[in-house]
Structure formats: structure tokens, C-alpha cells
1. Using a 1.4 Å probe on the protein chains only, how many percent of the accessible area of region 177-294 belongs to carbon and sulfur?
2. What percent do you get for the relative contact order of the chain when only Cα pairs under 8 Å and 6+ apart count?
3. List the residues whose amide H sits under 5 Å from the amide H of PHE211, counting only those 5 or more places along or on another chain, with H placed 1.01 Å from N in the peptide plane.
4. Please compare each pair in LYS248/LYS281; LYS39/LYS239; LYS259/LYS281 to a cut-off of 18 Å on the Cα-Cα distance and tell me which ones are over it.
5. I'd like the distance between the alpha-carbon centres of region 23-73 and region 127-166, rounded to an integer number of Å.
6. By Kyte-Doolittle mean hydropathy of at least 0.0 and Cα axial length of at least 24 Å, which whole DSSP H helices of the chain are selected?
7. Add -39500 (n - 2.57) for each DSSP H run of 4 or more in the chain, then divide by its residues: what number comes out at 222 nm, to the nearest 500 deg cm²/dmol?
8. Test of understanding: in a Gaussian network model of the chain with alpha carbons linked when under 10 Å, which of LYS285, LYS200, LYS248 would top the mean-square fluctuation ranking?
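The values are calculated or read from the model by the stated rules, or taken from the named source; none is laboratory data. None of these values were measured; they are calculated from a predicted model. A quick note on method: Cβ atoms are made from the backbone with ideal geometry, for glycine too, and the neighbour counts reach across all protein chains shown. Heavy atoms of the whole protein, side chains included, go into the accessibility calculation; ligands, DNA and RNA do not. Shrake-Rupley method; radii C 1.70, N 1.55, O 1.52, S 1.80 Å.
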Amino acid sequence: MEPIIFSIETSCDETAVAILKGKNEVLSHYVVSQIDTHKIFGGVVPEIAARKHLNYLNNITEKAFEEAKIKLEDISAIAVTYGPGLVGALLIGLNFAKGLALNLNKPLIGVNHLYGHIYANFLAFPDLKPPFLVLLVSGGHTMILHAKDYLHFEIIGQTIDDAAGEAFDKVARMLDLGYPGGPKIDELAQKGKPIYDFPKPLYHKGYDFSFSGLKTSLLYFTKKNDNYKIENVAASFQKALIDTLIHKTIKVSKDLNVKDIIIAGGVAANSYLRKKINEEKIKNKGLNIYFPPLNLCTDNAVMIARAGYEKYIRNQFADLNLDAVPSLGLKDIC
Ligand code: KG4
Ligand code: ZN
């Protein structure tokens with residue numbers, strides 16, 4: 001019988017639960033975004049995020065079971081994000097999961113949030129098989145990974161300063177666009193032209209990334225000039241950043257001779273990135289590039305259930321002492 005996994009994601013400002021049957025039959029999933037609460041502060045307030053998770057979790061869990069038309073007892077395991085993320089926010093989801101596991105006497109599965117983002121792709125593309133490359137681009141991470149098998153990912157390159165999503169968010173704040181910055185810049189850039197030449201740090205050097213110089217140069221640009229169109233600034237910034245991400249990923253693909261590439265994380269929702277990738281696919285015959293459907297790019301619990309499934313079938317369960325690990329890295333993936 002196919003396992004049914006109930007999953008919980010509370011690492012940042014989205015409260016999410018999902019019920020997944022087998023590898024990719026989503027019985028139900030809910031995401032409550034807290035963006036409206038945090039945007040007045042210009043970013044996520046950790047204390048408020050944790051309290052909101054506490055408010056929402058019970059309610060969306062009830063709805064998820066109702067929609068899936070199953071009882072609590074019917075689940076095979078509970079998968080929960082235990083890091084990386086905000087400690088208070090993680091602890092709410094983790095304790096909720098532990099309470100359920102204890103009460104229902106079901107196994108608990110600790111899921112690395114990064115691993116979840118990667119596995120979001122497997123819901124849309126169930127036939128994906130290692131080896132593949134991953135471009136992981138979220139609010140906290142920017143990495144190129146080489147997946148040699150399902151649970152081992154080697155870091156080929158990563159940012160030495162800001163993450164791609166963080167750069168989007170910071171630049172949006174500089175331009176007074178509000179939070180979260182990625183979608184705002186994306187939207188604005190569609191109305192502009194990339195006419196300004198912002199730097200692409202480390203573009204021709206190695207596999208690592210650096211985005212803080214790009215951000216600073218944009219800051220100086222806006223201070224020194226007042227006769228610019230904000231749409232063009234957004235389009236130019238976005239192009240410099242995304243072109244760098246894509247250039248390096250394709251370079252790694254050629255150097256390591258790995259033809260399958262997965263894009264994962266919130267920045268994978270970017271429309272220019274998605275357009276550029278399709279162009280690369282046409283340019284480079286034999287290259288397969290995958291990105292998740294839009295609703296699975298940003299934080300959700302379906303991806304946590306899907307990653308949890310990989311651990312479930314390998315009997316990799318956690319005990320009730322599982323702790324929240326705010327700075328959980330990729331090496332701790334399994
Ligand atoms: O993966 P995610 O939901 O959360 C983390 O695990 O960090 O990613 C959130 C990040 C934010 O920095 C947000 O600005 C960025 O993803 N993002 C975007 C877009 N949508 C979300 N960045 C660029 N373009 C977008 N359309
Ligand atoms: Zn995330």
C-alpha cells in the first residue's frame with residue numbers, strides 16, 4: 001500500500017501543511033502566507049511569524065484532512081521541516097508534528113527545507129533521475145549542486161555573500177517597492193528595459209556567486225542619478241543577476257558533462273529566469289532544464305512531504321528529540 005504522508009512547513013513566513021499519497025498524489029495542501037502581516041515592517045519579524053504559525057496550524061490541518069477525506073489515523077508518517085529557518089517558527093511546526101506523532105504513534109520524519117525545494121521538481125517530473133545538477137536559489141541560499149544519487153548532493157558553487165532572493169529583497173527595499181522584493185522587481189522589470197550596465201561579479205571566475213557588489217552599485221546609481229526610470233533599473237538589475245545564475249549553471253553542466261538541470265527555490269518563480277532557461281534549452285541541444293510549477297517554487301508543504309517520502313522509503317525516521325536547526329546546511333541532508 002502506498003504511504004500517506006502528512007507534512008508541515010513553518011520555517012519562515014508561510015504556514016503550510018499537505019497530505020501526499022505515494023510519490024506524487026497530492027490529496028490536499030494549504031499555504032497561509034503572512035506577507036500582509038510582515039510587509040508593513042519591510043521584512044519578516046521572527047516573533048510574529050512564530051505566533052502566526054501557532055494561530056494557523058490547527059485550522060489548516062483540520063481543513064487538509066477534511067479535503068483529503070481521510071482520518072488522522074490513516075497517515076503513515078508525519079514529515080516536518082526542522083531547518084534551516086527561523087528558530088521560533090521552526091519550533092512551532094516541529095512541536096506540532098511531535099505532538100501528532102506521539103498521539104497517533106506514527107513515525108516522525110525531519111526534513112531539510114533545502115532538500116524540500118529540490119524535491120518539489122519530482123512532483124512535476126516523477127521520472128527525474130540522478131545524476132543531475134541543481135540551481136538552488138531562495139531567500140537564504142544560492143548554490144549549484146551535483147546530485148550523484150537521491151540523497152547525496154555535492155556543492156559545486158555557492159554565494160560568498162548575499163543569496164539571490166536576498167539581493168532581490170534588499171534592492172526592492174532600496175527602491176521602496178516593499179516586501180517580498182522578488183515578485184515586485186519581477187513585475188516592474190516586465191515594464192522596463194535592461195539599459196543600465198550593472199556589474200556581474202565573478203561572472204567569468206569559478207563557480208561561486210557574489211551579489212553584494214551588484215546591490216551596492218545599484219545603490220550608488222540611484223543616489224548619483226535622479227533621472228532614471230525605475231522599471232529600467234529593475235530590469236537591468238534582474239538581468240545582471242539572473243544572467244549570472246544561468247551562465248554559471250550552464251558552465252558547470254558543460255564542465256561536468258551533466259545534462260539534466262533542476263532549478264529550485266523561490267527565485268525559480270522569476271519570469272525572466274524561466275524565459276531565459278527556455279532559450280538555453282533551445283540553444284543547447286541535449287540539455288534538459290526543469291523548474292517546478294509556480295506554486296511549488298516558494299515555500300509549501302507538498303515539497304516537504306515529497307522529500308519526506310524519500311526518507312520514509314529508506315526508514316530514516318527521527319525520534320521525539322529532533323531539534324530545530326536554524327542553520328542546517330546541505331551536508332546534513334539525510
Ligand atoms: O524559497 P523561498 O520561498 O523561501 C526561502 O526558503 O528562502 O524564497 C523566497 C525568496 C524571496 O527572497 C523572494 O523575494 C524570492 O524568493 N522570490 C522571487 C520571486 N518570487 C519569490 N525572486 C525573483 N522573482 C520572483 N518572481
Ligand atoms: Zn524556502
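1. Working: 3020 of 5750 Å².
Roughly 52 percent of what the probe reaches on region 177-294 is carbon or sulfur.
2. Details: 713 pairs, mean separation 82.1, N = 334.
Worked out over the chain, it gives 25 percent.
3. It is ILE160, ASP161, ASP162, by chain and number.
4. Details: LYS248/LYS281 15 Å; LYS39/LYS239 25 Å; LYS259/LYS281 10 Å.
From LYS248/LYS281; LYS39/LYS239; LYS259/LYS281, over 18 Å: LYS39/LYS239.
5. 26
6. Details: long enough: 46-68 (31 Å, -0.74); 87-104 (25 Å, 1.53); 230-256 (39 Å, 0.25).
In the chain, the long hydrophobic H runs are 87-104, 230-256.
7. Numbers: 10 runs with 142 residues, N = 334.
After summing the helix terms and dividing by the residues of the chain, the value is -14000 deg cm²/dmol.
8. Ranking LYS285, LYS200, LYS248 by mean-square fluctuation puts LYS285 first.
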